[in-house]
Each structure stands twice: as C-alpha cells, then as structure tokens.
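To start, the structure itself, in structure tokens.
The values are calculated or read from the model by the stated rules, or taken from the named source; none is laboratory data. Model, not experiment: these values are computed from the prediction. Note that we place each Cβ from the backbone using ideal geometry, even for glycine, and neighbour counts take in every protein chain shown. Keep in mind that these areas ignore ligands, DNA and RNA; they rest on the heavy atoms of the full protein, side chains included. Shrake-Rupley method; radii C 1.70, N 1.55, O 1.52, S 1.80 Å.
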Amino acid sequence: MATPADMAAAEKMIELYRQANASLAGQLAEALTDPAKARQAAQLTKLITTNSAIVTDLRSASKSWITNELPAIYANGAAASIVGGEAFAWSLPHVEAVQSLATRTWDDVAAKLANMDATGRRALREIARDAARGALLESKTAAHAGRSIEQWAAQQGVGAVTYANGAVHAVGDYADTLARTVTATAYNEGTFTQCRADGFEWVEVYD
C-alpha cells in the first residue's frame, strides 16, 4: 500500500488538473453569461488559446511528475519489502520495471492531453459560432442554473478527454483516476520486483 507521502504526491498532480478544469469552466461560464455579444465572442476566441496553453502546462507538469515522483514511489514500494533493514538499490530489473511503467503512463497522458487540446479547440469554435448566431440559450441556461459547469463544459468537449470506449470525462476526473492508479501500481511493482530479487516466489496481497 502506497505511503501517505506517495498519495500526497498524487494529490498534488490531481489538484493541478482540477484547477485547470475549473479555470477553463469558469472562463467559459463567464463568456457565456456576458450580455455583450462582442465581449462574449472575444472571450470565447481567447479561450481557444487559453485551452492550448493550459494543456501545455499540464503536459510539462505531468512529465515532471512521471520523471521524478514515479521512481520515488516505486522505490518506496521496493524498500518496504526488504527484509533485514538493508537499503534499497536500483538494479537493472528495477530500472527496467519503472521505465516501462513510466513509458506506458506518459503515452496515455500525452494522448489524452492531445485529445483535450484538439477537442477543446473544436468545441470552443463551435460555441463561438453559436454565440455569433445568438444560439446560446442552452449554454446560458446551464451556466445560470447552477449545474456543474465543469461537467457541462466536458459534455461540450471543453476540459475533457475521450476514452477508448468513447466515454467523455472531465480532465480533472481523468487525472484523479490515473494518478491514484499509477501510484498504487508503481508502489506494488517495486514491492514485487524486490521480492523476486530476494527469492520470494509467493506473496499475500490484501487491501
């Protein structure tokens, strides 16, 4: 089981995604409820650039987390399984295991963020066209009614990622699932690899 410090590192990554999600949704709501059509169109157009900038920041933060935090979480899992108080040492099996996990994780994140960028730009262009035609009644209703603007924005394709099965999720929710899963996986991979190196053939896993 990952340590509290490991989970805290995951929470920091999740929070970055949630803040990005909230920022996009908040700016979208502000644009949708602006009574001046000229300002509304300008804000929506600006938001297209903002969407891409946010994706760029998330890509950089995610790369840093995978490069720095993931190996540390893995090492904690390996160290926890060492009998006799010896220090953990990076052997070739450990390096290969953590590199494989990091590559799989980055490939998934990079693909999802590219999807968020493209989908968001496309959705915002469509919303801007609706604004120009005065066809934003449903959008304004969504923003005024107090519904979750983040979820509504994701349904429109803003701040959203699309899974392989076609399901659309807010990027903050995606990060929550990914970071927690990868943290647990990294910790367990470290434990199992160390156990194999120490000659243990069987382990008991419980949650």
* Asked: With each label point set 7 Å from Cα along the Cα-Cβ vector, what nm distance links A87 and E204?
  -> 3.2
* **For the chain: relative contact order, % (alpha-carbon pairs under 8 angstrom, 6 or more apart)** => 39
* Please name which of A197, A8, A42 has its Cα lying farthest along the dipole of the chain towards the positive end, using unit charges on Cβ (Lys, Arg +1; Asp, Glu -1) and the Cα centre as origin. => A42
* Note the angle between two axes, namely the Cα long axis of helix 92-133 and the longest principal axis of the Cα atoms of the chain, as a number of degrees from 0 to 90, rounded to the nearest 10. => 10
* **Solvent-accessible area per residue for the chain (1.4 angstrom probe, square angstrom)** => 53
* Work out from phi, with θ = phi - 60° and the Karplus expression 6.51 cos²θ - 1.76 cosθ + 1.60, the ³J(HN,Hα) of each residue of segment 194-205, listed in order in whole Hz, and give x for Gly and Pro. => 5, 4, 4, 5, 8, x, 7, 8, 9, 9, 9, 10
* Over the chain, with every protein chain in place, what whole percent of the accessible area is carbon and sulfur at 1.4 Å, could you tell me? => 55
* With Cβ to Cβ distances under 13 Å as the rule, what net charge do the other residues near V98 carry (K, R +1; D, E -1)? -> -2
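Starting from 0.36 nm per residue, how many nanometres of slack lie between A114 and E11 once their C-alpha separation is accounted for?
34.8 nm
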* A42 paired with K63, simple spin-label distance in nm, labels 7 Å along Cα-to-beta-carbon -> 3.4
* Cα pair distances in the chain, grouped into 5 Å bins until the bin that holds the longest one, percent each -> 1, 7, 15, 16, 14, 11, 9, 7, 6, 5, 4, 2, 1, 0, 0
* Lysine pairs in the chain with Cα atoms under 15 Å, if 8 or more residues apart or on separate chains -> 4
* Asked: How much of L44 can a 1.4 Å solvent probe reach, expressed as accessible area in Å² and rounded to 10?
  -> 0
* Structure fact -> The helix 37-64 Cα axis meets the longest alpha-carbon principal axis of the chain at an angle in degrees, between 0 and 90 and rounded to 10, of 10
* Asked: Given R₀ = 30 Å, FRET efficiency for T181-E30 by Cβ-Cβ distance, to 0.05?
  -> 0.35
